[in-house]
Amino acid sequence: MYDLNSFFDGMSKQLLRGVHAKAFGHKGLLNNALIQSEALSYFDDRRRAADLFSKMELWQRRCISLVYNSGSRGLTYNELRLTVPVGKVRDLQKFLLDMCREYLLWRTSTGSTMVYYGFSNFWGCFGMASEMEFPARAKFACFQNLLDWHICLVLSYALRKELKVNTNGTIHRRGYQICVDSFTSTKQLSERAAENELSFIFNFLTGNGWLEQEDSCLVPSEKALEFIRKNGFRLHQDVVSWWLKERFRGDRNHCVQLLKILEQPRPVADACNLLWVLDPTFRMVEKNKELPWEYLPRPLRELWLLGFVKFQMVDGKVAGVVLEQSGKDWVETSIASIPEQNISCLPNFELIVSTGTSPRVLFTLASLSKVENDEVFLRFALNRETYIQGLRCGLPEAEIENFKNWIKPPENVASTISEWNSSYYGARVHTVRLLKIEDLKVLAELSRFPQFTEATTEYIPGYGFILKPELEHKAFEILENYGYCPFVEKHDVNRLPAPTEEWRKDFVVAWPEAKAPDYELKDDADENTLQTALNSTKYGSNYQKMSTFDLVKVLRYAKTVGTLVGVKAKDPVKRNAKEEEKIFFVHALKLAKSPQVIEIQIYGKEEREMLDLSFIQEVKVFNGKEP
């Protein structure tokens, strides 16, 4: 986000003189520094900006407010066009140009459209009071830090090789369903909420290289296991930092400014419109009403999953939004609070563990036992089958010893766990690293060298040593002092980065590319000229017959910009079927298999339905207009 001084620094001297003349009239010869200083003192006036704002119409004030809420992302002309009344679309372009000439906004050209931004000087000048009431009666739904637990749970499924990958890079439906069915707390809000959370988790895990593909299975990478072991206490903070980078390009100040608006309870429509600026693929909400999960912008859903906000629920729908204590703590200190650690192991082999417990403990528990609920206080059941299955997944023996210290089991549980460990570790077949020393004199010396024997598990007289894998490098350093450069036979497991395309396509939101500011601010082509040009293409507002290839392009365009589409539809198989006109928003295109369908929402209705692509005879695009 530019400030006015930096903006004027990039302006040519000739244009800057014109800016000065607009503010003060012509004053004769002035030096350049004085011109910029006086122009800045005039335009960098918050009272002047607030006065201009107060004289605007409601739709104009909304546009200005949305642009400032968008921060460094900005909003394109096409996105802003969707926010104004139909009768004002023709006036929008002139209004935005005038605001740029008043230096309340600035713009840049990206492709075939303009992107509009605000100035940091005026942040906070253009807030709009809510015209909607916060619902008085309702219960609150808060996710707290269950996301951390769910990440540990997904990693444990990967450790047990229960997540398989199809040949096209998508996750196998069985593994997908195992994860979704485990998220029962999320599913209480909506079935789609659990799917969205899983997509969020997989984006985090694959984006950070925490999952890898081994043959047809997804498995935790060494990077993930190392982090959980050594830095697990930072998991929640790392997830928040990753999300901030994805949604705000790392601009924490922008995020804080938006979250502060939610410190006071807000109707869901206000919260949706506030975060619409980051996800303009969703329609803006006009009325004060409850909304199902599917109609919330993605950043608002993700704030709930992160535990930053809580939802006020009415009849299974979201009615209001307010910042949760964890979100307030993060706004103030950059660190989100989490529940305290609490572990209780009972004589009946059950454990009660809070989600505030270290992710290292949660991950080990998820791998060794069966979880029986999905709440802030988790209930685990230990039994021999799941425990041995967890040991076979390759958890280090040292980690198993630590596990007993973490849970502090009663005597009967401790003795049973020792018995299970003995049955697994008592007779073992495993691969070891043997170091053979040909020179028996050197071998004898090394066997008496404490620093070297620390890196070994066993001395084999007349042959060599069994090395500790984690301390091999230390043994090799000592061997170099004896003139050895040991030959190391490697058997690398063939691992590939986990596929990301399936998760990224539903997660990524368009972010306009910021280019050099447009200082000249020339008049653009009028709306009639633009509409005439548009009507000559397949994106016009007149009904047209199209090939399937062009039809898919038009529907994808309508989904991206959120505009209405009109079609004339008829079942081609039924001889007496009547042609029917449908006007709708496009939510999804499902073209991977036959029959090819699109998910639509009929104009004026909330329900979604499927429409067979082959039914569409003609199509037109409304391009910001309404029927």
Response to the item:
Scoring only Lys, Arg, Asp and Glu (+1, +1, -1, -1) among other residues with Cβ under 10 Å from the Cβ of R192 yields -2
Worksheet item: Ranked highest first by average number of other Cβ atoms within 10 Å, how do 261-271, 165-175, 109-119, 372-382 line up?
Response: 261-271, 109-119, 372-382, 165-175
Discussion item. Testing the spin-label approximation: label points 7 Å from Cα along Cα→Cβ at I583 and R48. State their distance in nm.
Written reply: 4.4
Worksheet item: When the helices in the chain are scored as -39500 (n - 2.57) per DSSP H run of 4 or longer and the sum is shared across all residues, what 222 nm value do you end up with, to the nearest 500 deg cm²/dmol?
Response: -12500 deg cm²/dmol
Practice prompt. Kindly provide log₁₀ I(q)/I(0) values, in the same order as q = 0.11 Å⁻¹, from the Debye equation applied to equal alpha-carbon scatterers of the stretch 15-171.
Written response: -0.68
Worksheet item: So what is the relative contact order for the stretch 343-425, in percent, with contacts set as C-alpha pairs under 8 Å and at least six apart?
Response: 33
Discussion item. What's the whole-number percent of alpha carbon pairs in the stretch 343-425 lying beyond 17 angstrom?
Written reply: 39
Fill in: When each of K139/K559; K161/K260; K139/K328; K310/K559; K245/K370 is checked by Cα-Cα distance, pairs over 31 Å
K139/K559; K161/K260; K245/K370
Worksheet item: Fully extended, how many nm does the chain gain between W242 and A444 (0.36 nm per residue separation, minus their Cα-Cα distance)?
Response: 67.4 nm
Fill in: Kirkwood hydrodynamic radius (C-alpha pairs) into Stokes-Einstein, the stretch 431-498, 4 °C and 1.567 mPa s, D in µm²/s
101
Worksheet item: Out of every Cα pair in the stretch 139-333, what percent are spaced more than 27 Å from each other?
Response: 31
Discussion item. Testing the spin-label approximation: label points 7 Å from Cα along Cα→Cβ at K94 and I388. State their distance in nm.
Written reply: 8.2
Worksheet entry | Whole-number percent relative contact order across the chain, with pairs defined as alpha carbons under 8 Å at least 6 apart | 13
Worksheet item: How high is the FRET efficiency from Q451 to N231, r the C-beta distance, R0 41 Å, rounded to 0.05?
Response: 0.90
Discussion item. Which one, H430, V573, I388, is farthest towards the positive end of the dipole of the chain when Lys and Arg carry +1 and Asp and Glu -1 on their Cβ?
Written reply: V573
Item to complete: Quote to one decimal, in nm, the extra length available between I478 and T167 on full extension: 0.36 nm per residue of separation minus the C-alpha distance between them.
Response: 107.3 nm
Worksheet entry | Computed over the stretch 578-627: relative contact order in percent, which uses C-alpha pairs under 8 Å that are six or more apart | 25
Worksheet entry | Debye, to nearest 20: dipole size of the chain, +1 on Lys, Arg Cβ, -1 on Asp, Glu Cβ | 1640
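Rule-based calculations on the coordinates, nothing more; no lab input. Since we're looking at a predicted model, the values are computed, not measured. Here the Cβ is made from the backbone with ideal geometry for all residues, glycine too, and neighbour counts use every protein chain on show.
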